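Engineer: One structure coming up, written as structure tokens, with questions to follow.
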Amino acid sequence: MRWTSILALYFLVWVISAFAVLPFGIRTHDEAGLEKIPGQADSAPANFRPLRVIGYTTLVSLVICGLFVLNYNERWITFKDIDFFDKLVGASSEG
């Protein structure tokens, strides 16, 4: 796999992981026991830390992308392993 493909894959996995990591550890003002500003949404985060989200997202996406590249090179799981339609067609034609 080319390094540009790995970089593109990493970027896609990073963006998807960011949305998955984003809600973890966030507390609202009511949960944190803080006073709300008039007009503030009830769901507004009180302790949003973007650098923490970026760090966790980077770690999660490194692991996922690394496993994907290793699977691509070592061929642990291939398309033939998850091709259920071929097995279903073969089973219906025998009986």
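No lab work stands behind these numbers, since they all come straight from the coordinates. None of these values were measured; they are calculated from a predicted model. Backbone-built Cβ (ideal geometry, glycine too); neighbour counts: all protein chains shown.
Engineer: Considering amide H positions built from the backbone, and no H for Pro or chain starts, which residues 5 or more places from residue 28, or on another chain, come under 5 Å of its amide H?
Structural biologist: The list, which skips near neighbours in sequence, is 46.
Engineer: May I have the extent of the alpha carbons of the chain along their three principal axes, as whole Å values ordered from largest to smallest?
Structural biologist: Between the extreme Cα coordinates on each principal axis of the chain lie 70, 40, 17 Å.
Engineer: Could I ask something else about it? For residue 71 and residue 3, what does the FRET efficiency come to when R0 = 22 Å and r is the distance between their Cβ atoms, rounded to the nearest 0.05? Display every interim value, and only then the final one.
Structural biologist: Working: r = 17 Å, r/R0 = 0.78.
For R0 = 22 Å, the calculated efficiency reads 0.80.
Engineer: Rank the residues 79, 24 as a footprinting-exposure proxy: fewest other Cβ atoms within 10 Å of their Cβ go first.
Structural biologist: 79, 24
Engineer: Related question: Multiply the residue gap between residue 54 and residue 42 by 0.36 nm, knock off their C-alpha separation, and tell me the result in nm, one decimal place.
Structural biologist: Extra length from residue 54 to residue 42 when fully extended: 1.9 nm.
Engineer: Tell me the relative contact order for the chain as a rounded percent, counting alpha carbon contacts under 8 Å between residues six or more apart.
Structural biologist: Values: 50 pairs, mean separation 32.2, N = 95.
Normalised by residue count, the contact order of the chain is 34 percent.
Engineer: Relative to the longest principal axis of the C-alpha atoms of the chain, give the angle of the C-alpha long axis of helix 84-94, reported between 0 and 90° and rounded to the nearest 10°.
Structural biologist: 40
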